Structure formats: structure tokens, C-alpha cells
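*Asks:* Just passing along the structure, written as C-alpha cells.
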Amino acid sequence: MTPTSRSNRGGRRREAGAGPTALGHLTICDLSGQLAGAGATRYLAAFGARVIRVEDPVRQGRWDIIRGVMPHVDERRGIELGGGFNNHNVEKLGVTINLRSERGKDLLRRLVEVSDVVTENFAAGVMARMGFSYEDLRSIREDIIYVSNSGFGHSGPYSTYKTFGPVVQAACGLTFGVGAPDAAPAGWGFSYMDHMGANLMVVALLAAVAHRNRTGEGQWVDMSCTEAGLGLTGPDLLDYTVNDRPLRRPGRPDSNHSDQPPMAPHGIYPTCEEDRWVAIACRDDRDWAAFAGVCGEPWVAEPGYTTVAGRLAGEADIDRYVAGWTSGRSRRAVAGALSAAGVPAAAVALPEDRIDHDADSDAWGLYPLAHHPEIGSVRVDGVPAHLSETDWHIERGAPLLGQHNREVFCELIGLGEDEFSALAREGVF
């Protein structure tokens with residue numbers, strides 16, 4: 001088989017129903033929301049899984065809290081118009097079930113019966129209190145895979161604590177390690193750990209599916225977003241446990257500089273444009289010679305700078321010199337000249353650079369158009385990987401609240417029209 005060229009591949013180019021999908025054999029009952037849970041199941045839906053997003057129809061705020069929040073495409077506001085919800089729930093079906101009613105719980109049990117996987121990212125114990133612990137789910141379908149993605153997992157002294165993205169980042173230590181030298185921790189302005197937790201949730205879920213494919217055995221996947229974040233602090237943890245060096249010490253941390261692995265120069269440097277930066281890494285003496293040829297400043301000829309060891313010894317001075325040189329040029333001019341010489345360098349991109357002005361992102365299909373019945377056609381996140389035979393496909397936007405009740409409850413579960421109408425009148429969905 002000849003691999004497809006980059007210009008011909010991209011999830012957005014595969015027509016719906018045009019061929020087999022990687023995960024079309026899976027049905028997922030998805031009670032997860034926000035970013036950490038919904039961000040995982042969006043990937044599965046893009047690769048063909050039938051993901052049924054379950055929300056509460058009755059009490060305001062019980063539906064996903066990001067349904068109506070920014071970004072918005074215009075002045076309209078409402079629970080169907082949140083850009084974040086649309087982005088994280090593409091290609092999913094949406095149903096509503098009142099889980100405070102016994103008939104609603106029975107409806108969820110019937111949905112579990114036809115599902116391969118149940119996912120949720122509630123605080124520990126919420127599902128059990130509703131009557132849907134792992135053992136309860138196993139009594140409904142013995143080979144069910146149940147994925148819990150909470151802040152601290154279901155064991156340990158913090159398991160009952162509630163978290164949100166920035167709280168997770170603080171609890172795992174990431175916030176403490178982000179900032180300028182000798183300044184207070186800056187943290188991250190966005191819930192990046194929700195996304196990291198979502199990515200790990202996909203891996204864990206698919207590992208459980210692979211196990212069941214071999215053995216027929218389901219299982220409970222118990223995850224902790226905080227533990228996932230702790231795994232990202234590796235070098236700092238090792239530096240403390242092995243070298244007894246605390247993260248915060250004079251000159252540390254410096255989020256614009258990296259000393260792992262040891263290189264010089266190796267950091268983020270200012271340019272002549274306001275708040276625009278360029279990243280440069282001289283991995284070895286050959287990179288340094290190429291850098292010196294492009295830079296051409298007198299200081300690059302210092303004898304001590306010809307070796308990595310010498311540059312590391314004078315790293316503070318080198319960083320100051322490099323910053324002075326880059327400050328007189330644009331980020332793209334610096335990155336272009338150094339890259340042409342073989343030195344790893346890149347302009348620090350803004351989000352709008354990547355989505356509006358980057359041919360590589362377009363070639364990869366990273367921002368396909370999703371068609372939402374209320375928002376309209378807007379670009380959403382794609383999947384940064386392509387499968388030659390069963391690529392992803394994103395075209396349908398997030399579901400409206402309860403949009404697919406009839407399709408799921410009647411066609412999939414098998415409710416008759418009279419029962420469907422009766423349950424609707426009772427407020428079960």
C-alpha cells in the first residue's frame with residue numbers, strides 16, 4: 001500500500017459513511033462534561049464511536065456548565081451557543097435524562113445495557129450515590145468498561161475533595177513551577193490539565209477496550225487528573241529527590257529558559273515587536289557555529305564559547321547577548337535565518353498564527369468546520385494524527401440539549417412511541 005500524501009490526508013476530508021471507522025464498533029454512554037471528560041470522548045467520536053452525551057434536563061446548571069460560556073461567534077447568548085461546549089462535543093449524540101427520578105434511572109440502565117463504555121468525570125462517589133457504582137453497572141452489563149476521571153481518584157485522603165482545572169494544576173505542583181525568576185508563581189491561565197487528563201483518559205479507555213477484546217472482561221478505569229499533572233513535573237521532582245535542590249531557588253524557575261538537556265543558548269528571547277518572542281536552541285558546537293555565522297556579532301568570537309561547557313559557564317552573559325541581538329529583529333526574521341542555517345529556532349506563535357496564517361495546520365486539517373444548528377459553521381479542534389485507512393471525521397457540531405432523545409431512546413433502546421411520549425410528559429427527559 002502506498003501511504004497517502006500529506007496534501008491528500010486529513011480527517012476533515014473523509015466523507016461520512018465513506019468507509020470503515022476505527023471505533024465504529026463502540027457505543028459510549030458519556031456522562032462526562034466540561035473539558036477533562038468531554039475532551040476525551042470527542043476524540044473517540046471523531047474516530048467513529050457512537051458517543052451518547054447524557055445531560056440533566058430539569059435543573060439549570062445540571063447540564064454541562066460550559067454550554068453557554070465564551071467564546072461566542074456574535075452577540076447571542078444562551079445554553080446552545082457556547083463555543084467551548086461545541087468544540088468538545090463534536091460528532092456526539094445528545095440526550096437528556098432526569099436521574100433524580102426512578103424512571104430516569106431505569107432509562108439510564110437501559111442505555112448502559114447497549115453501551116460498551118460508561119464515562120464520567122464527577123467527584124468521587126457521585127455515581128455510587130446515584131446507584132451507578134461499578135458493581136451496579138456490572139450488574140446491568142457484565143463486561144462494561146467504566147471510566148472515572150476525577151480530580152483525585154477514588155482512593156487516598158484527598159479522594160473526597162472537589163477540583164477544577166486551575167486547582168488541579170496547583171495541587172500537582174505545576175503552578176508553582178511556572179513564572180519568571182525571583183517572582184511569585186504565575187501559573188497557567190487555562191485549564192491545561194483538563195486536556196492532559198482527557199488525553200490520558202483516551203489511552204486508558206482504549207487499553208481497557210483492547211483487554212476486553214482479548215478476554216471479554218470489562219473493568220473500572222479509575223483516573224486522577226492531579227496524578228496526571230504530577231507526572232508532568234518529572235525533572236523538578238527528580239532534581240529535588242535526587243539532588244536535594246528545591247524548585248524555587250535564586251534564578252529559578254525561569255519559564256523562558258530551559259536547562260534540560262544542557263544547551264546554550266537555549267531559551268525564549270524578545271524581538272523588536274511588542275510582546276513577540278523567538279525560541280532558539282543550540283544543541284551542540286555545530287549549531288553554535290551556524291548560529292555565530294548568522295548572528296555575526298563580535299561577542300560570538302569569544303574563545304570560551306566554542307564548546308558547550310564554555311557556553312554553559314557563561315550562559316547568563318550569552319542569554320543577555322542573544323536577547324540584545326534578537327531585540328533588533330522580528331521573530332520571523334530571526335527564526336527564518338537560523339532555521340535556514342540548520343539551527344533549531346521558531347517564532348513563538350500566537351493562537352491566531354496557527355489557525356489563520358499557518359499552511360501546515362491547514363494541510364493537516366487541524367481546524368475542520370463543524371456545522372452547529374444554532375451557532376452555524378465554525379472551526380473546531382481537529383485531531384493531530386491521521387490514520388491512512390480509518391481516519392477521523394468531524395463535521396457535526398455539538399448536540400442541542402436533548403436533540404437526539406427520540407433517535408436514541410426509540411431507535412437504539414427500543415422505546416415505543418406511547419412510552420416515549422409518556423416519559424416526556426413526566427419530565428423524565
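No lab work stands behind these numbers, since they all come straight from the coordinates. This one's a predicted model, so the numbers in the text were calculated from it and none came from an experiment. Glycine gets a Cβ as well: all are built from the backbone with ideal geometry, and neighbour counts include every protein chain shown.
*Asks:* Using helices alone, I'd like the mean residue ellipticity at 222 nm for the chain: each DSSP H run of four-plus residues gives -39500 (n - 2.57), total over residue count, nearest 500.
*Replies:* Only helices count here, giving -9500 deg cm²/dmol.
*Asks:* Moving on. Any idea what log10 I(q)/I(0) is at q = 0.07 Å⁻¹ for the chain, Debye with uniform C-alpha scatterers and no solvent?
*Replies:* Treating every Cα as an identical point scatterer, log10 I(q)/I(0) equals -0.44.
*Asks:* What area, in nm² and to one decimal, does the C-alpha convex hull of region 87-138 cast on average over all directions?
*Replies:* 4.3
*Asks:* Among 270, 57, 250, which one shows the biggest mean-square fluctuation in a GNM of the chain, springs joining Cα atoms closer than 10 Å?
*Replies:* 250
*Asks:* Relative to the first principal axis of the alpha-carbon coordinates of the chain, what is the inclination of helix 192-215, with its axis defined by its Cα atoms, in degrees from 0 to 90 and to the nearest 10?
*Replies:* Helix 192-215 sits at roughly 60 degrees to that axis.
*Asks:* Let me ask something else. Using the 10 angstrom Cβ neighbour count as an exposure proxy, how do 367, 146, 43 rank, fewest first?
*Replies:* In order of increasing Cβ crowding within 10 Å: 367, 43, 146.
*Asks:* Compute the acute angle (0 to 90°) between the alpha-carbon long axis of helix 315-326 and the principal axis of greatest extent of the alpha-carbon atoms of the chain; round to the nearest 10°.
*Replies:* Result, in degrees: 80.
*Asks:* So, counting K/R as plus one and D/E as minus one, what does the shell of residues with Cβ under 11 Å around residue 109 add up to?
*Replies:* Surrounding charge for residue 109 is 0.
*Asks:* Where both partners of a DSSP beta bridge lie in the chain, what percent of those bridges are antiparallel, to the nearest 5?
*Replies:* Beta bridges within the chain, antiparallel portion: roughly 40 percent.
*Asks:* Now for a separate question. Calculate I(q)/I(0) for region 256-353 by the Debye formula, one identical point scatterer on each C-alpha and no solvent, and give its log10 at q = 0.21 Å⁻¹ to two decimals.
*Replies:* Treating every Cα as an identical point scatterer, log10 I(q)/I(0) equals -1.03.
*Asks:* I'd like the orientation of helix 417-426 relative to the chain: the angle between its Cα long axis and the longest Cα principal axis, in ° from 0 to 90, rounded to 10.
*Replies:* It works out to around 70 degrees.
*Asks:* Follow-up question, since we're still on this one. Can you put 287, 239, 106, 275 in order of Cβ neighbours within 10 angstrom, beginning with the fewest?
*Replies:* If I rank by nearby Cβ atoms, fewest first, I get 275, 106, 239, 287.
*Asks:* If neighbour count is taken as other Cβ atoms inside 10 Å, put 92, 162 in order from fewest to most.
*Replies:* 162, 92
*Asks:* Relative contact order of region 112-242, please, whole-number percent, based on alpha carbon pairs below 8 angstrom and at least 6 residues apart.
*Replies:* Value for region 112-242: 29 percent.
*Asks:* Only Cα pairs under 8 Å and at least 6 apart count here; give the relative contact order of region 199-271 as a rounded whole percent.
*Replies:* 14
*Asks:* OK, next. If each Cα of region 270-414 is one equal point scatterer, what is log10 of I(q)/I(0) from the Debye formula at q = 0.20, 0.21, 0.22 Å⁻¹?
*Replies:* Here the Debye-derived log intensity ratios amount to -1.17, -1.22, -1.28.
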